Amino acid sequence: MKAICNRASLLEALHVTSAAITPRTPKPALQCVLVDCQEEGLTVVATDLQVGIRYRLEQVEVKQAGRGLIPADRFLAIVRECPDDTLSVEIGESSCRIDTSDSHFTLNTSEVEGFPAVREANGQDGLKIKAGLLRGMIHRTLFAAAKESSRYAINGVLWAPEGKNLMMVATDGRRLAQVQAELISGGTEATAIVPTKTMSLLDRCLVEAEEQVWVGFQENRIVIILPRVTISSTLVEGTFPKYNEVIPHDNTVKVKFKADALLSAFRRASLLTTENSQGVRMQFSKDRLVLTGRAAETGEGKVELGIEYGYDDLEVGFNPHYVLEALRVVGTEEISLELKAANTPGVFRSGDDFLYVVMPVSLS
Amino acid sequence: MGQIQILPELLVNKIAAGEVVERPASVVKELLENAIDAGAGRIDVAVEDGGKRLIQVTDDGAGMGREDIALAWTAHATSKLSNAEDLLAIKTMGFRGEALASIASVSRVRIVSRTVDNEAGYEVSCEGGDSHEPRPTAAAVGTSVWVRDLFFNVPARRKFLKGTSTETSHVCEQLTRVALAQSQVHFTLSHNGRKNLDLPAASNLRERITGLFGDELAQTLIEADSDERRIRIQALLAPPDMSRTSSKWQYFFLNGRYIRDRFIQHAVREAYRGLIEANRFPVAFLYLQMAPEMVDVNVHPTKIEVRFRDSNAVHSQVLGTLRERFLKSDLSSRMRIEQGEGGQADGEKTEQIRRAVADFLKASPPSQAPLAFGPGSGGYSRSRHNKGPTGQELREELNKLFEADRQGSSSTTQSERLEAQAEPTIRATAAGAVLQLHRMYLVAETDDGLIIVDQHALHERILYEQLSQRVGRGQVASQQLLVPMPVELTNQQRAMLDKVQEILSQVGIELVDFGPTAVAVQAFPAMLDRADPGAAVQDIVDRLVEMPTDSAAEQVLEEVLASMACKAAVKAGDKLSEEEMSQLLADAEFAERSSNCPHGRPTILKMSLAELEKQFKRT
Ligand SMILES: Nc1ncnc2c1ncn2[C@@H]1O[C@H](COP(=O)(O)OP(=O)(O)OP(=O)(O)O)[C@@H](O)[C@H]1O
Ligand SMILES: [Mg+2]
């Protein structure tokens, strides 16, 4: 096969697809991208067996159809360093040639045979949503998902479509983020837990806010189709925690904040806290909030914030990271915090689509 | 059941005599085995006060007639074996005719038994060896044995018995072993009149394991079978991420009998090698079946150890069966994913080196161990580890390496060494970036030289110190959890947990009851925000049941802290960001005893500029 590619779009394709590859996977084929060149265009494919991605490249001139496996990291490095606007990729029997105006690379390639196929959608049922909305949802949930694999099915983000709405929920057992958005069209009510890796891969592909994204769920997989990209991923098996039951509904104390003022206050109050301190304490009294962060090893920081507050005095402690992470992504000017009493879960809300439950930290 | 006969003298001598009765649990084991031998379909066990006051075992097996019951506690009276040849082909659990006799000599025993052929049953009782003639009595078909006041006539032994909960947990463990071996039998266990366990006859092993250990474990087990060279193996294997800190969760059975065997244990370890950390133990249930003449079960008084005619064959078949299964299961992809970025081979190698180094340092105190810095340490033979080198071999290997290096440099003076400092100064200088090597060690510049840090050991130590300081001041911040995280427990673990609740809440762990076989974690130390609370508590529980039951509260606390620190610390193999690395080194300055990890191994090695200069012959 032979094709002349636009450097910038090839680079973008390789950046996105190679995020699917598990670095240093023992299977050499899985360290490669499959370059598949047909009359109608060129596709770059990568997979780690859990998630696979096909990226269709625009701006190529196909000279000869064909396909081959190219080691992803080398390919990426060559394209990244290439000084020209276009480059030529030619794949032969057991090697691949990449030519720019002043450089020539010959790479050894592997057998295409046995490279896992990325599954295509096989049904019609699916959701449609605007890329920009989906991206916003990912940003406001993914951070709250469990980072390391734990025994519970929270190592992913729950997708729960309902009618013309899509809800996403993520939790690591200590806090929970829930966000909602409107669909262009619904079609399924099946819930699914999508692995965090797939979520961030998807995030990279959502560039054009107005593009339509098609999402289908089938046989334990999610298939996502964008104009240039198809992602197919296994789902996380298991049951997601019953999130409705952990969202407090009887919090009577409601406080409004300017999101950036609260962010700044929390950031400053946590300057002297350490990884293992007791969190940041919020002390509410008449129209006043005092944030205190202290660690035995470093000292103490106090920040005062004028607020509207007319309830009984109240004190609650939170891990500042949990609060900061949410405040960074809310994207609204205002945010509200709902509490019930001392040392009870706090519920942050912004707009009518984002909700965030944080469990308190207390001295035992 | 045949006639009980007095064994000929010769045979008596052939049978290894030994201590059969050690504690209530051993009585339970013997009675259960007798019931199994009698072909019981249902066995009910009731104990009071951990079995110290009463052990009652009732079965619906064949029962005993008048003659048999009269001989029941005559030493070496058994219906199961009558000549020396039989000893080579034992198919029953009991064969020595020793158990009831031993039990009867140290307790108050009563037996009621009836066979199908008899209208009525017979009853005998015996107190400290004095018995009476069988008396007719009304009874259901089968046998009931009551054992009261164990060791009432041996005060020394009685005093030696542990508290009720400890003895209960031993009883549970014995019952668990028999119940796993005999999944087709219905078992119940009650303690002080309360039913603790009800295990209906199971149609397969997984069902029985579910009954004992809960669904969560049972569902993840994968099965492996093989039948070669007259050895049949059936295995149920947990995935690597379910591994434990002790081998207690490895159950091996031979022809329906629970056994301990280091060959099998080693084979299991080998099969999982590279898939789990070296100090963890996979959870596995292994059932071996072979002709009785291929194994000698008469080598240990409680028959818990056996001697295989060909232990190498057993080892290699267990290993082969497990390996083959792992190779073709999607478990391997799961393992690869969960191992994160390091490939399996890498993991093996680094683990091996880590162990070797740790062993080396442990074996010889740092001040006498000149770890000369030399070029290439790459002479390490990798092929060896297939054979599973011993710590000794590894040490020798490393010693050789270092030896060679030393010879390369002309002199080996005292100062030419890298030593663990008691009070390391680890202020990385402004220019001093921190470098991570092999995702295990950090190297940093100090005011007068350089340091090498074992990232896991140091972090573990820091967390341990900080935790214990906080506990001391009563300042442990506890993070409440959104959803309580359930932890499945064995009865033994359950009994143990009740005793340490107080200590756990001191460290910020709050537990609530969660059904009969589980607790749920409701709050967990805030500083351990990286740890999975469920897995961490599981680990604590596993460690604590291994401790002597009379351990002082401080020791328990120490063990809890060590477990938490280990769980929460960065691991060998974790990639650290620059920020994390400098944080770690900064924290080390505040932490006490940061030069050694909680297990006593050094965490930081230091080399001064002067030493470097000497090494490079710049002086
Ligand atoms: N539950 C029972 N049902 C029927 N017979 C029993 C029962 N328990 C004991 N017996 C009879 O009593 C005999 C003596 O039992 P005991 O446990 O002392 O010896 P064993 O089982 O033959 O050998 P070992 O004690 O060495 O395991 C047995 O051989 C058996 O015939
Ligand atoms: Mg017996």
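Values in this text are rule-based calculations from the coordinates and carry no lab data. All values reported here derive from a predicted model rather than from experimental measurement. Here Cβ is always computed from backbone atoms with ideal geometry, including for glycine, and neighbour counts include all displayed protein chains.
Values computed for the structure shown
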| item | result |
| --- | --- |
| Extension gain, residue B:229 back to residue B:435 (0.36 nm per residue minus Cα-Cα distance, nm) | 68.8 nm |
| log10 of Debye I(q)/I(0), alpha-carbon scatterers only, for region B:447-558 at 0.10, 0.23 Å⁻¹ | -0.33, -1.42 |
| Cα gyration tensor, region B:436-475 - rounded (a/c under 1.5), prolate or oblate | oblate |
| Interatomic Cα distance distribution for region B:9-201, bins of 5 angstrom, percent | 1, 8, 16, 20, 21, 18, 11, 4, 1, 0 |
| Interchain or long-range residues, amide H under 5 Å from residue A:42's placed H | A:57 |
| Sparse-neighbour loop sites [GluC sites (Glu not before Pro); region A:329-364; at most 16 other C-beta within 10 Å; DSSP] | A:333 |
| Principal axis box of chain A, alpha-carbon based, largest edge first, Å | 76, 47, 36 |
| Pair residue B:447, residue B:132: separation of 7 Å Cα→Cβ label points (nm) | 8.8 nm |
| Region A:274-355: trypsin sites (Lys or Arg not before Pro) in DSSP loop, at most 13 other beta carbons within 10 Å | A:286 |
| Rounded to 10°, Cα long-axis angle of helix A:320-329 versus longest principal axis of chain A | 60 degrees |
| All-pairs alpha carbon distance profile, region A:248-358, 5 Å steps from 0, percent | 2, 13, 24, 26, 21, 10, 3, 1, 0 |
| Whole-angstrom gap from region A:294-337 to region A:1-77, using each part's C-alpha centre | 46 Å |
| Simple label model, 7 Å out from Cα along Cβ direction - residue B:551 to residue A:200, nm | 3.8 nm |
| Acute angle (nearest 10 degrees) that the helix A:72-81 long axis makes with the longest principal axis of chain A, alpha-carbon atoms | 90 degrees |
| Square roots of 5 times each gyration tensor eigenvalue, C-alpha, region B:157-236, largest first, Å | 29, 16, 12 |
| Cα-centred dipole magnitude for chain A, charges only on beta-carbon of K, R (+1) and D, E (-1), debye, nearest 20 | 740 debye |
| R0 of 22 Å, Cβ-Cβ distance residue A:165-residue A:15: FRET efficiency to nearest 0.05 | 0.10 |
| Electrostatic dipole magnitude of region A:248-358 [Cβ: Lys, Arg +1; Asp, Glu -1; Cα centre; debye, to 20] | 200 debye |
| Full-extension gain in nm, residue A:254 to residue A:290, via 0.36 nm per residue minus C-alpha separation | 11.3 nm |
| Crossing angle, helix A:7-18 versus chain A [Cα axis fit, 0-90 degrees, rounded to tens] | 60 degrees |
| Over chain A: helical MRE at 222 nm, DSSP H runs n ≥ 4 each giving -39500 (n - 2.57), nearest 500 | -5500 deg cm²/dmol |
| Residues whose placed amide H lies under 5 Å from that of residue A:86, excluding near-sequence neighbours | A:7 |
| Cα convex hull volume per residue for region A:127-243 (Å³) | 89 Å³ |
| Gaussian network model of chain A, Cα within-10 Å springs - most flexible of A:233, A:336, A:94 | A:94 |
| Distance histogram in 10 Å bins (all Cα pairs of region A:2-114, percent per bin) | 15, 53, 30, 2 |
| Length-normalised contact order for region A:248-358 - Cα pairs under 8 Å, 6+ apart - percent | 29 percent |
| For residue B:309, net neighbour charge (Lys/Arg +1, Asp/Glu -1) across residues whose Cβ lies under 11 Å away | -1 |
| Distant-in-sequence amide H partners of residue A:218 (H built 1.01 Å from N, under 5 Å) | A:223 |
| Extension gain from residue A:242 to residue A:85, taking 0.36 nm per residue of separation minus the Cα-Cα distance | 51.3 nm |
| Cubic angstrom per residue, convex hull over Cα atoms of region B:161-310 | 137 Å³ |
| Region B:491-555 shape via C-alpha gyration tensor axes, a/c threshold 1.5 | oblate |
| For region B:96-249, convex hull volume per residue from C-alpha positions, Å³ | 200 Å³ |
| Nearest-0.05 FRET efficiency for residue B:311 and residue A:58, computed from C-beta distance (R0 60 Å) | 0.35 |
| Compactness of region A:183-333 as Cα Rg over 2.2 N^0.38 Å, two decimals | 1.41 |
| Whole-Å distance, taken between Cα centres, linking region A:83-144 and region A:234-278 | 36 Å |
| Selection of trypsin sites (Lys or Arg not before Pro), region B:199-288, meeting DSSP coil and at most 14 other Cβ within 10 Å | B:229, B:230, B:260 |
